[in-house]
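Participant: Structure below; questions to follow.
The values are calculated or read from the model by the stated rules, or taken from the named source; none is laboratory data. Keep in mind it's a predicted model, so treat the numbers as computed, not measured. Here Cβ is always computed from backbone atoms with ideal geometry, including for glycine, and neighbour counts include all displayed protein chains. Ligands, DNA and RNA are excluded from the accessible area calculation, which covers all protein heavy atoms including side chains. Shrake-Rupley method; radii C 1.70, N 1.55, O 1.52, S 1.80 Å.
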Amino acid sequence: FATRRLKLTSEELGRAGERIVALSLRRRSMRILGSRVATPFGEIDLVALDGETLVCIEVKSGRTRIPLDEFGNQTSPKARASWRPGHRFRLEDYGRVQRASHWLARRFGQGGEPRPARVDLCELLIEDRPQVRLGSFIILT
């Protein structure tokens with residue numbers, strides 16, 4: 001049978017990635033509390049509970065394509081082979097998500113104490129063929 005290529009905009013790819021990651025987290029016994037959660041520090045892609053720990057999850061989805069350098073040039077074959085969607089998660093992004101996680105930990109705390117919290121980065125790589133690979137979870141805090 002014939003397969004057709006998925007033509008998703010960046011926004012559609014991001015939303016699809018968040019839904020796929022949420023499904024995967026549920027299968028790992030995590031409870032999803034919300035998606036695209038607004039905080040005073042910005043939006044969090046997914047917020048979940050892993051046991052008693054509040055987890056703020058940043059989802060980075062990408063296609064297997066040739067990434068460009070900061071000047072718009074194609075990168076070397078070695079750089080292409082090691083490129084991952086999580087490479088777009090910058091230090092400023094981490095700081096923003098970490099501040100949001102502390103804010104949410106206080107809001108979801110119990111007995112006046114903040115709930116334990118962490119930040120996870122989850123990568124989703126959409127291959128040229130219609131298959132999806134879920135990358136490893138990276139615990140940042």
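Participant: Which is modelled with pLDDT of 60 or more, surrounded by 14 or more Cβ atoms within 10 Å (Cβ to Cβ) and not in a strand (DSSP E or B), of A48, A22?
Facilitator: The unique qualifying residue is A22.
Participant: OK, next. Restricting to the range 26-44, and then to whatever is free of Cβ contacts under 8 Å to residues at least 40 places away in the same chain and open to solvent by less than 60 Å² (accessible area, probe 1.4 Å), can you tell me which residue is nearest to R96 (Cα to Cα)?
Facilitator: Here the residue is G34.
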